[in-house]
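So the structure is just underneath, and the comments pick up after that.
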Amino acid sequence: MSGNIVAPDSKSAWKGYHLDMWLAFTNVNGLTIIGSGTINGRGAIWWSECSSYRVPEALTFYRCNGLVLKGTKHINSQRNHIAIFNCKDVTFSNLHISAPKTSPNTDGIDIASSSNVRILNSFIGTGDDCIAISSGSSHINITGIACGPGHGISVGSLGAHGGNDTVEEVHVRNCTFNETMTGVRIKTWQGGVGYARKILFEKIKFIRADNPIIIDQYYCPGGHCKNETSGIKISDVSYRYITGTSTTDKVINLSCDQNVGCTNIQLYYVHIISTVPGKKAYSFSFNAHGNCTHTKPVVKGLQP
């Protein structure tokens, strides 16, 4: 792929077409896309939309097994830059994905209902998640990502509307987060059913990141959420060899479900300091169980 693929520069050009996606590949096995070309979504005309569901995804892969995407550039998507749904054996590498940090819902890569996915050696800086891993996904390997601006790398959100959601075997290694709104995050709604488990964040560096390490089981971006008795079960999450700086003083936040809780949360050689003048970095933990070794700040609320 070479040259530029450019979206229409007016909404009127979309009349009569589906608004959920722009470029899409469906049921194509063994698809390989390699090149230095650019996909330009010209998304600015869409970013004022109140509902992201009336806005196209720039590039979608659905039921594409054995998929390879390498070397391409993706800029200013209407909504998500790239979406992977119901795919197996996927390798993305050496991508460059960018949009202004003020552009809403412009996730870099969204992964859903997919397995054996590798995202390698890429730059992602957008107005939303650099990478988001949604329900039905397993064996996800993310390595060598430079993330920022954006909302970091997220597992979730899971459990919206009481759904049964599952994610497991996610490995995030050798990544840098530069001035992101969050760092490595697991986010779930109250009232969901399912699990997020066997998740590893290793050799991570934060540069002036907000909320570097966060488990948020009370995710409710729109407000007006009810207290629920059920929740997604989070377990077997490890944070290893993580360093850096944060623009907030609460650098580790483990807010687990009040009924289900989080189990086997492991922190090992984690050291994050605050750049807030006169503020010392601290941690918060609620209903989280596990161990904390060679970690600053110490997670005092983490229970055995």
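The values are calculated or read from the model by the stated rules, or taken from the named source; none is laboratory data. It should be emphasised that the depicted structure is a prediction, and the values quoted were computed from it without experimental measurement. All Cβ positions, glycine included, derive from the backbone under ideal geometry; neighbour counts span all protein chains shown. Ligands, DNA and RNA are excluded from the accessible area calculation, which covers all protein heavy atoms including side chains. Shrake-Rupley method; radii C 1.70, N 1.55, O 1.52, S 1.80 Å.
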Qualifying residue in region 284-301 (condition: in contact with a Cys (Cβ under 9 Å, 6 or more places away or on another chain), in contact (Cβ under 8 Å) with a residue 24 or more places away in the chain, among the hydroxyl-bearing types (Ser, Thr, Tyr) and open to solvent by less than 20 Å² (accessible area, probe 1.4 Å)): no
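Just to be sure I understand, how many residues within region 222-250 are part of a loop (DSSP other than H, G, I, E, B), farther than 21 Å from Cys175 by Cβ and touching a residue at least 24 places away in the same chain (Cβ under 8 Å)?
Total satisfying the criteria: 8.
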Single match in Lys250, Lys198, Lys205 (criterion: among the basic types (Lys, Arg) and closer than 22 Å to Ser122 by Cβ): Lys205
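Listed here are the residues, each with its yes/no results for (1) within 26 Å of Asn178 (Cα to Cα); (2) at pLDDT 95 or above; (3) touching a Ser or Thr at 6+ places or on another chain (Cβ under 9 Å); (4) basic (Lys, Arg).
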{"residue": "Glu202", "(1), (2), (3), (4)": "yes, yes, yes, no"}
{"residue": "Arg208", "(1), (2), (3), (4)": "yes, yes, yes, yes"}
{"residue": "Ile215", "(1), (2), (3), (4)": "yes, yes, yes, no"}
{"residue": "Asn227", "(1), (2), (3), (4)": "no, no, no, no"}
{"residue": "Ser235", "(1), (2), (3), (4)": "no, yes, yes, no"}
{"residue": "Ile265", "(1), (2), (3), (4)": "yes, yes, yes, no"}
{"residue": "Tyr269", "(1), (2), (3), (4)": "yes, yes, yes, no"}
{"residue": "Ile273", "(1), (2), (3), (4)": "yes, yes, yes, no"}
{"residue": "Tyr282", "(1), (2), (3), (4)": "yes, yes, yes, no"}
Search result, residues across region 100-111 that are out of contact with any Pro (no Cβ under 9 Å at 6 or more places or on another chain) and open to solvent by less than 20 Å² (accessible area, probe 1.4 Å): Ser103, Asp107, Gly108, Ile109, Ile111
Unmet requirement for Cys220, which otherwise passes all of (1) at pLDDT below 95; (2) closer than 24 Å to Ser115 by Cα: (2)
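Just wondering, is there one or more residues in region 180-193 that are surrounded by fewer than 24 Cβ atoms within 10 Å (Cβ to Cβ), aromatic (Phe, Trp, Tyr) and free of Cβ contacts under 8 Å to residues at least 60 places away in the same chain? Step through it out loud before you land on a result.
Here is the first cut: in region 180-193, the residues surrounded by fewer than 24 Cβ atoms within 10 Å (Cβ to Cβ) are 181-182, 190-191, 193.
Pick out the ones that are also aromatic (Phe, Trp, Tyr) and you get none.
Looking for residues that are surrounded by fewer than 24 Cβ atoms within 10 Å (Cβ to Cβ), aromatic (Phe, Trp, Tyr) and free of Cβ contacts under 8 Å to residues at least 60 places away in the same chain, one finds none in region 180-193, hence no.
In region 278-297, is there at least one residue being part of a strand (DSSP E or B), touching a Pro at 6+ places or on another chain (Cβ under 9 Å) and of a type in the set (Ser, Thr, Tyr)? Spell out the reasoning first.
Step one: filter region 278-297 for residues part of a strand (DSSP E or B), giving 282-286, 288-296.
Remaining after also requiring touching a Pro at 6+ places or on another chain (Cβ under 9 Å): 282-283, 289-291.
Okay, now just the ones that are also of a type in the set (Ser, Thr, Tyr), so 282-283.
Yes, that holds for at least one residue.
Every residue, every condition in (1) closer than 17 Å to Ile213 by Cα; (2) more than 14 Å from the chain's Cα centre (by Cα); (3) open to solvent by 10 Å² or more (accessible area, probe 1.4 Å), yes or no:
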{"residue": "Leu120", "(1), (2), (3)": "no, yes, yes"}
{"residue": "Cys130", "(1), (2), (3)": "yes, no, no"}
{"residue": "Ser135", "(1), (2), (3)": "no, no, yes"}
{"residue": "His139", "(1), (2), (3)": "no, yes, yes"}
{"residue": "Gly144", "(1), (2), (3)": "no, yes, yes"}
{"residue": "Cys147", "(1), (2), (3)": "yes, no, no"}
{"residue": "Gly152", "(1), (2), (3)": "yes, no, no"}
{"residue": "Val155", "(1), (2), (3)": "yes, no, no"}
{"residue": "Ala160", "(1), (2), (3)": "no, yes, yes"}
Where a residue in region 208-221 is charged (D, E, K, R) and its partner, wherever it lies, is surrounded by fewer than 24 Cβ atoms within 10 Å (Cβ to Cβ) and part of a loop (DSSP other than H, G, I, E, B), with Cβ under 8 Å and at least six apart: Arg208/Glu179; Arg208/Thr247; Arg208/Thr275; Asp210/Met181; Asp210/Thr182; Asp210/Thr247; Asp210/Thr248
